[in-house]
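The values are calculated or read from the model by the stated rules, or taken from the named source; none is laboratory data. If you're wondering where the values come from, they're calculated on a predicted model, not measured in any experiment. Note that we place each Cβ from the backbone using ideal geometry, even for glycine, and neighbour counts take in every protein chain shown.
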């Protein structure tokens, strides 16, 4: 039985399901979920992330993390946690640079949060020398200071959607219409008071996406960091102020697809509400830096200089290096679409972010 058939059976048995339940099943079903299958990254997969574009991305993240560690007075033991490490490419580039800082590699206890067995095997190949530990729960951490890296992680966490009707808000659900999966609305109205103030009075037809799962992850990490010291770096596509608008999308084989068409066979994601995550981190006691476009962040911490050095060392690859640089920082490519979110313990001044 396919995942689509299992979902349809669940709907027939229990009634329509929330968008969050559908996303969760589509992405992380124990046997048939998208992230339980083959490698979704790269030219043969469904999307390409920044670390796969160029080594420069991970190298600069490595520099950023070393700077944080130094500002933390170089603790002799700390946890370096990556959420959704992909093939291990980002962390491999990070550690290649970071280990040049005396004491960093020996102090770092590398922890990876990953559910895809194919990607875990890739991570083992690339990162074995750093003795990584794979965590089953995000909150299962030591009492050491904590540095967290999350590149294109929060966008894949399930969201709930709410639609403003003529008189009230209703949760958007997925049911069956003429035997096919279709969107509909719960008949039960949602009290406007439970929604953020910024969206309560939106006009009829407006859609609000609530990243409840993302907020729970942020709360867990922020509370640990507030108690133990450290910072979280999250890079993703999203927006800086809570707002209405539908961003749920499906991507299969590098092309947009119908989110309801083939669950388990396409990547589902939604833009991240960084405003909401910032409020969670602030409540826990962290200092949240102004959201910064990826291109500006990378330029501030030296991607131009790094690209020039790579081109000098590899003159035959100059065009490829220039193309990768443009893809990472150009406003019409990844430069403005992706945002850099940093929340840290008081007293830490992260480089590259802010106004």
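For segment 184-197, the set of residues classified as in a loop (DSSP other than H, G, I, E, B) and surrounded by 13 or more Cβ atoms within 10 Å (Cβ to Cβ) consists of 195, 196, listed by residue number. Screening residue 281 on (1) closer than 30 Å to residue 145 by Cα; (2) in a helix (DSSP H, G or I); (3) more than 16 Å from the chain's Cα centre (by Cα) shows it passes everything except condition (3). If residue 258 meets every condition in (1) in contact with a strand residue (DSSP E or B) (Cβ under 7 Å, 6 or more places away or on another chain); (2) surrounded by fewer than 17 Cβ atoms within 10 Å (Cβ to Cβ); (3) in contact (Cβ under 8 Å) with a residue 24 or more places away in the chain apart from one, which number is that one? Status for residue 258: all satisfied but (3).
For segment 264-278, what are the residues that are modelled with pLDDT of 95 or more and in a loop (DSSP other than H, G, I, E, B)? Passing the criteria: 270, 271.
Checking every residue in segment 268-286 against the condition of being within 24 Å of residue 108 (Cα to Cα), surrounded by 23 or more Cβ atoms within 10 Å (Cβ to Cβ) and touching a strand residue (DSSP E or B) at 6+ places or on another chain (Cβ under 9 Å) gives at least one match. Regarding residue 304, is this residue more than 18 Å from the chain's Cα centre (by Cα) and on the phi > 0 side of the Ramachandran plot? So residue 304 fails the test.
Give the residues of segment 122-131 that are surrounded by 13 or more Cβ atoms within 10 Å (Cβ to Cβ), over 20 Å from residue 56 (Cβ atoms) and without any contact (Cβ under 8 Å) to a residue 40 or more places away in the chain, sorted by residue number. Those that are surrounded by 13 or more Cβ atoms within 10 Å (Cβ to Cβ), over 20 Å from residue 56 (Cβ atoms) and without any contact (Cβ under 8 Å) to a residue 40 or more places away in the chain: 123, 124, 130.
Of the set (1) under 21 Å from the mean Cα position of the chain (by Cα); (2) over 30 Å from residue 3 (Cα atoms); (3) not in a loop (DSSP other than H, G, I, E, B), all apply to residue 241 but (3).
For beta carbons closer than 8 Å, sequence separation of 6+ or different chains, a first residue in segment 93-117 that is touching a residue at least 12 places away in the same chain (Cβ under 8 Å) and a second that is in a strand (DSSP E or B) and exposed (fewer than 15 other Cβ atoms within 10 Å of the Cβ), the qualifying pairs are 109/133; 110/133; 111/133; 111/134; 112/133; 112/134; 113/134; 114/134.
Output the number of residues of segment 120-155 satisfying the condition of being within 16 Å of residue 49 (Cβ to Cβ) and out of contact with any strand residue (DSSP E or B) (no Cβ under 8 Å at 6 or more places or on another chain). Don't jump to the end; show me each part of the working.
Restricting attention to segment 120-155, the residues satisfying the condition of being within 16 Å of residue 49 (Cβ to Cβ) are 122-123, 126, 149-155.
So of that shortlist, the ones also out of contact with any strand residue (DSSP E or B) (no Cβ under 8 Å at 6 or more places or on another chain) come out as 122, 126.
Residues flagged as within 16 Å of residue 49 (Cβ to Cβ) and out of contact with any strand residue (DSSP E or B) (no Cβ under 8 Å at 6 or more places or on another chain) within segment 120-155 amount to 2.
Every residue, every condition in (1) in contact with a helix residue (DSSP H, G or I) (Cβ under 9 Å, 6 or more places away or on another chain); (2) modelled with pLDDT under 95; (3) closer than 30 Å to residue 1 by Cβ, yes or no:
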{"residue": "13", "(1), (2), (3)": "no, no, yes"}
{"residue": "17", "(1), (2), (3)": "yes, no, yes"}
{"residue": "22", "(1), (2), (3)": "yes, no, yes"}
{"residue": "30", "(1), (2), (3)": "yes, yes, yes"}
{"residue": "46", "(1), (2), (3)": "yes, yes, yes"}
{"residue": "59", "(1), (2), (3)": "yes, no, no"}
{"residue": "67", "(1), (2), (3)": "no, no, no"}
{"residue": "77", "(1), (2), (3)": "yes, no, no"}
{"residue": "86", "(1), (2), (3)": "yes, yes, yes"}
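Per-residue answers, yes or no, for (1) at pLDDT below 95; (2) out of contact with any helix residue (DSSP H, G or I) (no Cβ under 8 Å at 6 or more places or on another chain); (3) exposed (fewer than 14 other Cβ atoms within 10 Å of the Cβ); (4) in a strand (DSSP E or B):
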| position | (1), (2), (3), (4) |
| --- | --- |
| 140 | yes, yes, yes, no |
| 155 | no, yes, no, no |
| 161 | no, no, no, yes |
| 182 | no, yes, yes, yes |
| 199 | no, yes, no, no |
| 214 | no, no, no, no |
| 219 | no, no, no, no |
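Scanning segment 181-210 for residues that are free of Cβ contacts under 8 Å to residues at least 24 places away in the same chain and closer than 27 Å to residue 13 by Cβ returns 185, 187, 188.
Evaluate the following for residue 290: is it closer than 23 Å to residue 151 by Cβ and not in a helix (DSSP H, G or I)?
Against the criterion (closer than 23 Å to residue 151 by Cβ and not in a helix (DSSP H, G or I)), residue 290 qualifies.
If only residues of segment 300-316 that are under 14 Å from residue 54 (Cβ atoms) and touching a helix residue (DSSP H, G or I) at 6+ places or on another chain (Cβ under 8 Å) are counted, the one that is surrounded by the fewest Cβ atoms within 10 Å (Cβ to Cβ) is 314. Residues in segment 100-130 that are at pLDDT 95 or above and assigned to a loop (DSSP other than H, G, I, E, B): 100, 101, 102, 103.
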